[in-house]
Structure formats: structure tokens, C-alpha cells
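Trainee: Below is one structure. I have some questions about it.
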Amino acid sequence: DVCSSDLSVIGTASVSLTSAWINSEYVGCHRSLNKKFSEAKSFYIQYFGAIILAGCVTLIPNLPLNFVIIGVQVLACVFLPFQMIINLILLNDNRIMKGIKNSKSRNIILVLILLMIVVLSFFLFKQAVFK
């Protein structure tokens, strides 16, 4: 199906791009698609390397791709709540946000969304692992 293959390419590109950006942010390198390759070599090398690695994984003979896809989804649903908690903590740190941290009402809304995602992630994990 053409639509799902297009979505796979978009997903691979966005996950690879996000990973390269986070890694570059962590080590303090330039990171942006708006920069030339010569200005952000580390970022682009990581980005293209992640895309090539993802492509190579799909070319492994007899690899059960359904298992890989479900495994990636299970990992995502396990790690998403932790990542969201860390983001919520960072959004409320004055040193990082420089005086524009979240209000109490926004924190209440975000905690409710986080709880909903945790519950939904649990059900997704349960469904995928305990079929």
C-alpha cells in the first residue's frame, strides 16, 4: 500500500532527525537543517547514519518485520511516559525556562494528559506483549 510506505519514510526521517538533533544538542554541536553541511557536520552525519541504519535493518534477510515494528511500538509506549515526566520537570525549572515556566493550571492539564497517556500506554503494552 502506497500510503503506509510513505508514512514509513516520514516516520524514519522524523525519528532519525529527532535523534540526531537531541544528540547534537547534548554534545553542544550545531544542529539544524537550515545550516550547511560544513556548519553542522556532526548533526548531518548522525541524521544520515540513522536513516542508513534503519534501512539496513529492514534489509536483513528473514527478519520478522512485524516483530520489529511491534517491538519498536512497545519500546515507545514504555519510554514515552518517562520522557514526558522529564519534559514536565524541565518545563517547571526556572533556571532552564528563565522565568517562563508553566502555570499551575497548565501543569494540571499536562498531568491529566500524562496520566491518560500512561494508562493508554499500559493497555497498548499489555495488548502487544500478552496477546
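The values are calculated or read from the model by the stated rules, or taken from the named source; none is laboratory data. Note that the structure is predicted; figures quoted are calculated from it, not measured. Methodologically, a virtual Cβ is constructed for each residue, glycine included, from the backbone with ideal geometry; neighbour enumeration extends over all protein chains shown. To get the accessible areas, we keep the full protein, side chains included, count just its heavy atoms, and leave off ligands, DNA and RNA. Shrake-Rupley method; radii C 1.70, N 1.55, O 1.52, S 1.80 Å.
Trainee: In segment 10-32, which residue that is among the small types (Gly, Ala, Ser), under 14 Å from the mean Cα position of the chain (by Cα) and at pLDDT 80 or above is farthest from Val72 (Cα to Cα)?
Mentor: Going through the qualifying residues, I end up with Ala20.
Trainee: Out of curiosity, is Cys29 in a helix (DSSP H, G or I), open to solvent by less than 70 Å² (accessible area, probe 1.4 Å) and at negative phi?
Mentor: When the stated conditions are applied, Cys29 does not pass them.
Trainee: Of the residues that sit in segment 27-64 and are among the polar types (S, T, N, Q) and touching a helix residue (DSSP H, G or I) at 6+ places or on another chain (Cβ under 9 Å), which one is farthest from Ile10 (Cα to Cα)?
Mentor: Taking the candidates together, the pick is Ser42.
Trainee: Same structure, new question: Go through segment 64-103 and give me each residue that's closer than 15 Å to Leu114 by Cβ and among the aliphatic types (A, V, I, L, M).
Mentor: Those that are closer than 15 Å to Leu114 by Cβ and among the aliphatic types (A, V, I, L, M): Val78, Leu80, Met84, Ile85, Ile86, Leu88, Ile89, Leu90, Leu91.
Trainee: Which of (1) under 23 Å from Ala20 (Cβ atoms); (2) open to solvent by less than 70 Å² (accessible area, probe 1.4 Å); (3) among the aliphatic types (A, V, I, L, M) is the odd one out, the single condition Ile60 does not satisfy?
Mentor: Answer for Ile60: the failing condition is (2).
Trainee: Spot the failing condition for Val78; the list is (1) in contact (Cβ under 8 Å) with a residue 24 or more places away in the chain; (2) open to solvent by 100 Å² or more (accessible area, probe 1.4 Å); (3) aliphatic (A, V, I, L, M), and only one is missed.
Mentor: With (1) in contact (Cβ under 8 Å) with a residue 24 or more places away in the chain; (2) open to solvent by 100 Å² or more (accessible area, probe 1.4 Å); (3) aliphatic (A, V, I, L, M) applied to Val78, the lone miss is (2).
Trainee: Of the conditions (1) of a type outside the set (D, E, K, R); (2) closer than 27 Å to Ser24 by Cβ; (3) within 16 Å of the chain's Cα centre (by Cα); (4) surrounded by 13 or more Cβ atoms within 10 Å (Cβ to Cβ), Leu110 satisfies every one except a single condition; which number is it?
Mentor: Leu110 satisfies all of (1) of a type outside the set (D, E, K, R); (2) closer than 27 Å to Ser24 by Cβ; (3) within 16 Å of the chain's Cα centre (by Cα); (4) surrounded by 13 or more Cβ atoms within 10 Å (Cβ to Cβ) except (3).
Trainee: How many residues does segment 96-131 hold that are modelled with pLDDT of 80 or more, farther than 13 Å from Val74 by Cβ and in a helix (DSSP H, G or I)?
Mentor: Going through segment 96-131 one residue at a time, the tally reaches 17.
Trainee: Then there's this: Condition first: part of a loop (DSSP other than H, G, I, E, B) and among the β-branched types (Val, Ile, Thr). Now tell me which residues in segment 34-77 satisfy that.
Mentor: Passing the criteria: only Ile60.
Trainee: Looking only at segment 81-107, how many residues end up being open to solvent by 60 Å² or more (accessible area, probe 1.4 Å) and among the acidic types (Asp, Glu)?
Mentor: Result for segment 81-107: 0.
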